[in-house]
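> Quick one: structure below, then a few questions.
Readers should treat all values here as calculations from the given coordinates under stated rules, not as data from a laboratory. Since we're looking at a predicted model, the values are computed, not measured. No Cβ is skipped: glycine too gets one built from the backbone with ideal geometry, and neighbour counts run over all protein chains shown.
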Amino acid sequence: MNKEMININYSSEKPTVLGRDLHGALEVKSKYADWFKNMCGYGFEEYTDYTTFSKNLENGGRTIDHQLTIPMAKEICMLQRSDKGREFRQYFIKIEEQWNTPEAVMSRALQFANQKLEEIRNCNIKLTETVAVQEQQIAELKPKASYYDVVLNCKDLVSITEIAKDYGKSGRWLNEKLHELGIQFKQGNKIWLLYQKYANKGYTSTKTQTYNGSDGNVHTKVHTYWTQKGRLFIYDLLKAKGTLPLIECKAVTA
């Protein structure tokens, strides 16, 4: 007996076989639709013994096919009362035996456990990112505003890219520079957040924006913007390191 007499699908909870594949392998003479309807007359139930689906054809049309459980396929083979039917019934019996060996059961259990562990790990990553963003937002609300802060807060928030332009640099360069100086860190490769030492100084403000994804669903994305106070903080920080904005460089040159 060949190792693989017919394609077995192992992607679902239990192994299945396509109805049309079995119809062809058994060399049934009647049309598939008529044959399958006759087979269902023996008491097979949809969603228990088989599922129905449609698929595209190379000529642009569509056809109906079915995923059959191995027990159903085994019974259908017996109903054919033919040499092919007996041959394939024995093959499906071997498939069931292999599927139910202790080694196969343990392998599936370990695979399931690993999938669950990965789901939990991804969930924890998302929770960590959410908590980090919330902590910064809370810290931003804590500082007691002075008159100087009030004046600065009346002005628009600016992105890191806009501040970087003052120095003739890119936003990426400035983000990396602030990270190098121990001012901020990147959370989950998605958003730059200030270390706690600077988070409550009123330097930044985070905003949540919504957008329509390619999957048709509405998603959210958090962005960090800098206040004018934060902009002056960056100015003093870079100036101490010998980096001046372009306007001051021109003034020195002149």
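> Placing unit charges on C-beta atoms (Lys and Arg positive, Asp and Glu negative, everything else neutral), compute the dipole magnitude of the chain about its Cα centre in debye, rounded to 20.
It works out to roughly 1060 debye.
> Please give the FRET efficiency for Lys55 paired with Thr206, using the beta carbon to beta carbon distance and R0 = 41 Å, rounded to the nearest 0.05.
Between Lys55 and Thr206 the formula returns 0.30.
> Let me ask you something else. What full-extension length gain, to one decimal in nm, is calculated for Thr48 and Ser214 as 0.36 nm per residue of separation minus the Cα-Cα distance?
56.3 nm
> Continuing with this model, one more query. Share of Cα-Cα pairs in the stretch 16-100 beyond 17 Å, in percent?
47
> Angle check, please: helix 83-99 long axis (alpha carbons) against the longest principal axis of the chain (alpha carbons), in degrees 0 to 90, nearest 10.
Result, in degrees: 40.
> Moving to a separate point now. Taking the Cα centre of the stretch 27-87 as origin and charging only Cβ (+1 Lys, Arg; -1 Asp, Glu), how large is the dipole, in debye to the nearest 20?
160
> Here is a follow-up. Mind checking Rg over Rh on the chain, alpha carbons, Kirkwood formula for Rh?
1.32
> I need the peptides 39-47, 55-63, 200-208 ranked by packing, meaning the mean over residues of other C-beta atoms within 10 angstrom, with the highest value on top.
200-208, 39-47, 55-63
> Students often check this: by mean Cβ neighbours within 10 Å, which of 101-109, 157-165 ranks highest, and how do the rest follow?
Top to bottom by mean Cβ count within 10 Å: 157-165, 101-109.
> Using Cα centres only, tell me the gap between the stretch 183-202 and the stretch 1-76 in whole Å.
56
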